[in-house]
Amino acid sequence: MRGRGRRGRPGRPSPALVLAALVPVAFLAVPPAYLAYRAGVGEAWGVMGARTTWETMWRTLTLLVGVAAGSVLVGASTAWLVARTELPWRRFWAVMAVLPLAMPSFVAALALAGATGTSGLASRVLAPLGIGPVPRLEGYWGATLAVVASTAPYVYLLTAAALRRIDPAQEEAARVLGRGPLGAFVAASLPQLRRALAAGALLAALYAVSDFGAVALMRYTTITRAIFTRYEAGFDRTPAAVLGLVLVALAVLLLVAETRSRGADAVQVGPGARRTPTPIPLGRFTPLAVAWLAALTCLFVVTPLAVMTYWIARAAGHGTLDSVPWRAGVTSLALAAVAAVIATVAAVPVTYLAQRHPRRWTMLLERAGYGANALPGIVVGLALVFIGARYLPWLYQTFPLLVAAYVIRFFAEALSGVGTALSTVSPRTEEAARVLGRSPLRVFGAVTLPQMRPGLAASAVLVFLSVVKELPATALLLPTGARTLATEVWRKTTVGAYGAAAVAAVTLMVLSLPFIWLAVREHVLARHPSSPPGG
Amino acid sequence: MVAALAAAGCGDSDSASGDAKLVVYSGREEEIVAPLFTKFTDATGIQVEVRYGKSAEMAAQIAEEGDGSPADVFFSQDAGALGSVSDRLSPLPDATLNRVKASFRDPDGRWVGTSGRVRVVAFGTKAYRADELPDDVLAYSQPKYAARLGIAPTNASFQAFVTALRLKVGDDRAKKFLADLKANGVKTFEGNRPIVEAIADGEVDLGLVNHYYLALVKKERPDAAVENKFLAAGDPGSLVNVAGAGVLSTAKNTDGATKLVDFLLSQDGQRFYATEAEENEYPLVPGVQPAKGLPPLDTLVGESQPLSKLGSEEKATLEMITEVGLTS
């Protein structure tokens, strides 16, 4: 294939494209390079030889598996029910499925823990009914549940997008051959969902590895929490750096596993419009499906909102309620918008190179882009503190350096969103334009980009929502005196002002709502014949 | 968008005039200490730019910043964090240091305590009376107490207590104490305040915490059935730890920085803890009385205070806590 023809089939990638893809990935190498510099070989043996390190590793792995399985179960089942069945109130369930995107994992954990326990809201509500106190949610199951609350919406979005792309003709063929509705779906469509499910599970797993807030509040020690504890005690950065490198290794393993499990891409090759598949009747399973979605909504949406309302009411009763932190809200929104646009734009050449020039090294480059997502914010933050204060004092504690940290931390989300967007564009339309004599860049601008636009917007929104919730790197790199909503929530929580913390958290959620709507608009509206076809 | 960022970032700080500005890294919470900085600016005319965060993370930040650190003063929640970056601090003048007792400052004079907090046993008044609880912290690892006891093993204050215990009774005895706690069903929490809340909720009946969380919880829940039990003087369970301050050796405004530390130790700066701050921390300068209802500091402090060793011993302490399995 290499170098075949000057035009037509894209052969060797242009140097400009390679450069544009190399630059962002080079930035991503900064945190691992910093960790390698910090971790001494002697210390590494000490840390890796300790029994507790391996116990922590085991707890991390079990959490990762639980979160990946849990978020696929929750996200994919919801997506399938909403997109493919005759489920009642589909739009409502679609909105409920993505609302938790606006909730930082530590808020979800705080709320789930606050709802349980002897004095939790659940116990108080159930006490008059004679039901004993609900035990406090904590440990493995508490941490898994809180992290799944944050990650399931990503799986939902990726699966719903993939379900819309799949041509129903194959399923219909399977049904003609005698399969039932579910059997036809499993035989014809499920294999095409593998890429989306694997990507969703990967994002969820990487997030589970890097999460600090939820596991800390659930008293469950993973490697990331051990890294925080190491920084907090003794301030000895060497063992923390060794553990950080362990996370990098873990991310590499996850990426390899995900790459292996990928199926064929579901690219619609032929011309012709996609048709809306016939919804599968649920029949006597309807109550079961509604009960399942209602339970999820109750757990991940109603409970956190109820707990926060309760805290706000309690603080209002004592007259200790703060006003809405508008200014922090503006800072959060502006920072997140800039970071989201940069991350998405930077992800385009990396994705394009990997998908249109699939070689071992281009795909490796794209995979490497996912790696930084497994590193906790404190590692990314300290790496940039180290470089910023020592070598770039004019950039240190300014917004641009913080934005750089966000782009590094959440580049994986941009990659998965952009990757999905590009995979919906058939290379044949590009080839046709090239045959007509357009330059590659103009083909991209005239043919590829317009088709990718909805997917790019969705990708930017995902990064945006993650940035709004980010805490550890923000705390280290924010200009002195500035605040974001996430730092406000944290600040109020540390002094135990849960009412004020809830006000800031609710502000964060309300401000995120329009952007969530942007991300899900198509998934919510797609099934209705009156709405224009997506894509 | 960019304009909004610029406005949000510069609003508070650009009014400060060039070289007189002072940059403080505060590991103490804004809600607690912000009035102190306002008072300082009112008294001296020196503008202060404060960066708030957790003491430990700020210490890590100062260490990573190296010579490029923009900070002039590090105002820390505990002595351990100050000790961990003492190589980045420059010695304070004797006149400043001598305002507090030698046991509340660095022997090499690189940081000085500004307020004190005492380790106590918080207890539920429905379960216990103060006089029926042991005065010796080692007794609390017995099954009848430990099963109803809450601790915060990842919290710096708890770790400082374990360091004090190790230094007082030796590593073997300290490790046995921790292992007994674990074996006898101690409950672990993420911080001190959740422990006091859990006592108020009846989830546990006892907690090893700092004295001032009681006042904080009672502020939001005035009828919470919790009180503090102060242990014997010199017992590691009544360790007096300090919040304190140090001036960075790379400070650009050393003069202003020293003035701020002096102000924190002035009558005004010290009375703040007794009269204004809700935490009821102990003033450390002799002659300034603590808040009502607190036993005098002299009845709690033993002959030696191991504060200067908290930083260097912290790692071994954390290893012990991790090894016993209390952090999982």
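The values are calculated or read from the model by the stated rules, or taken from the named source; none is laboratory data. Since this is a predicted model, take the numbers as computed values, not measurements. Every residue, glycine among them, receives a Cβ derived from its backbone with ideal geometry; neighbour counts consider all protein chains shown. Ligands, DNA and RNA are stripped out before the accessible areas are found, and what is left, the full protein with its side chains, is counted by its heavy atoms. Shrake-Rupley method; radii C 1.70, N 1.55, O 1.52, S 1.80 Å.
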For the range A:334-364, enumerate the residues that are buried (at least 24 other Cβ atoms within 10 Å of the Cβ), farther than 22 Å from residue A:258 by Cα and of a type in the set (Val, Ile, Thr). none
Considering only the range A:365-402, state which residues are open to solvent by less than 30 Å² (accessible area, probe 1.4 Å) and at the interface with chain B (Cβ under 9 Å from one of its Cβ atoms). A:378, A:381, A:382, A:383, A:385, A:386, A:388, A:389, A:396, A:397, A:399
Do you know which residues across the range A:434-481 are open to solvent by less than 10 Å² (accessible area, probe 1.4 Å) and touching a Gly at 6+ places or on another chain (Cβ under 7 Å)? A:459, A:473, A:476, A:477
If residue A:302 satisfies every condition in (1) over 28 Å from residue A:167 (Cβ atoms); (2) touching a helix residue (DSSP H, G or I) at 6+ places or on another chain (Cβ under 7 Å); (3) at pLDDT 85 or above but one, which is the exception? (2)
Which condition breaks for residue B:60 when tested against (1) touching a helix residue (DSSP H, G or I) at 6+ places or on another chain (Cβ under 7 Å); (2) away from chain A (no Cβ under 11 Å)? (2)
Of the numbered conditions (1) modelled with pLDDT of 85 or more; (2) open to solvent by less than 30 Å² (accessible area, probe 1.4 Å); (3) in contact with a Ser or Thr (Cβ under 8 Å, 6 or more places away or on another chain); (4) within 14 Å of another protein chain (Cβ to nearest Cβ), residue B:310 fails exactly one; give the number of that condition. (1)
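Here is a yes/no grid of residues against (1) small (Gly, Ala, Ser); (2) free of Cβ contacts under 8 Å to residues at least 40 places away in the same chain:
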position	(1), (2)
A:295	yes, yes
A:316	yes, no
A:327	no, no
A:345	no, yes
A:370	no, no
A:380	no, no
A:385	no, no
A:392	no, yes
In this structure, does residue B:143 turn out to be touching a Ser or Thr at 6+ places or on another chain (Cβ under 7 Å), open to solvent by 10 Å² or more (accessible area, probe 1.4 Å), away from every other protein chain (no Cβ under 14 Å) and in contact (Cβ under 8 Å) with a residue 12 or more places away in the chain? no
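Could you grab me the full set of residues in the range B:227-255 that are hydroxyl-bearing (Ser, Thr, Tyr) and open to solvent by 20 Å² or more (accessible area, probe 1.4 Å)? Write out each step before concluding.
Narrowing the range B:227-255 to residues hydroxyl-bearing (Ser, Thr, Tyr): B:238, B:249-250, B:254.
Matches in the range B:227-255: B:249, B:250, B:254.
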Residue B:154: among the polar types (S, T, N, Q) and either assigned to a helix (DSSP H, G or I) or free of Cβ contacts under 8 Å to residues at least 12 places away in the same chain (or both), yes or no? no
If you scan the range A:71-123, which residues turn out to be more than 23 Å from the chain's Cα centre (by Cα) and outside any helix (DSSP H, G or I)? A:85, A:86, A:87, A:88, A:89, A:116, A:117, A:118, A:119, A:120
Quick one: count up the residues across the range A:42-75 that are at pLDDT below 85, aliphatic (A, V, I, L, M) and open to solvent by less than 20 Å² (accessible area, probe 1.4 Å). 1
Taking the range A:194-224 and keeping residues facing another protein chain (nearest Cβ under 8 Å) and part of a helix (DSSP H, G or I) leaves A:216, A:217
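For the range B:45-54, enumerate the residues that are in contact with a helix residue (DSSP H, G or I) (Cβ under 8 Å, 6 or more places away or on another chain) and over 12 Å from residue A:476 (Cα atoms).
First, the residues of the range B:45-54 that are in contact with a helix residue (DSSP H, G or I) (Cβ under 8 Å, 6 or more places away or on another chain): B:45-48, B:50-54.
Result: B:45, B:46, B:47, B:48, B:50.
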Give the residues of the range B:258-282 that are within 18 Å of the chain's Cα centre (by Cα) and either closer than 19 Å to residue B:94 by Cα or open to solvent by 80 Å² or more (accessible area, probe 1.4 Å) (or both), sorted by residue number. B:261, B:264, B:265, B:269, B:270, B:271, B:276, B:278
Is there a residue being more than 18 Å from residue B:75 (Cβ to Cβ) and in a strand (DSSP E or B) anywhere in the range B:268-277? no
Can you name the number of the only condition in (1) part of a helix (DSSP H, G or I); (2) open to solvent by 10 Å² or more (accessible area, probe 1.4 Å) that residue A:331 fails? (2)
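With the requirement that a residue be at pLDDT 85 or above and of a type in the set (A, V, I, L, M, F, W, C), what does the range A:119-156 give you? Write out each step before concluding.
Pass one, the range A:119-156, residues at pLDDT 85 or above: A:139-156.
Scanning the range A:119-156 gives A:141, A:143, A:145, A:146, A:147, A:148, A:149, A:152, A:155.
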Can you confirm whether the range B:212-220 contains a residue that is in contact (Cβ under 8 Å) with a residue 40 or more places away in the chain, on the phi < 0 side of the Ramachandran plot, assigned by TED's automatic domain parsing to the domain that holds residue B:134 and not in a helix (DSSP H, G or I)? yes
Looking at (1) within 14 Å of chain A (Cβ to nearest Cβ); (2) in contact (Cβ under 8 Å) with a residue 12 or more places away in the chain, which is the only condition residue B:120 fails? (1)
Residue count, the range B:180-202 (criterion: in contact (Cβ under 8 Å) with a residue 60 or more places away in the chain and open to solvent by less than 30 Å² (accessible area, probe 1.4 Å)): 6
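Residues B:136, B:205: which one is over 21 Å from the mean Cα position of the chain (by Cα), within 14 Å of chain A (Cβ to nearest Cβ) and either open to solvent by less than 30 Å² (accessible area, probe 1.4 Å) or acidic (Asp, Glu) (or both)? So that I can check it myself, show each step before the final result.
Numbers: B:136 fails: within 14 Å of chain A (Cβ to nearest Cβ).
Residue meeting the stated conditions: B:205.
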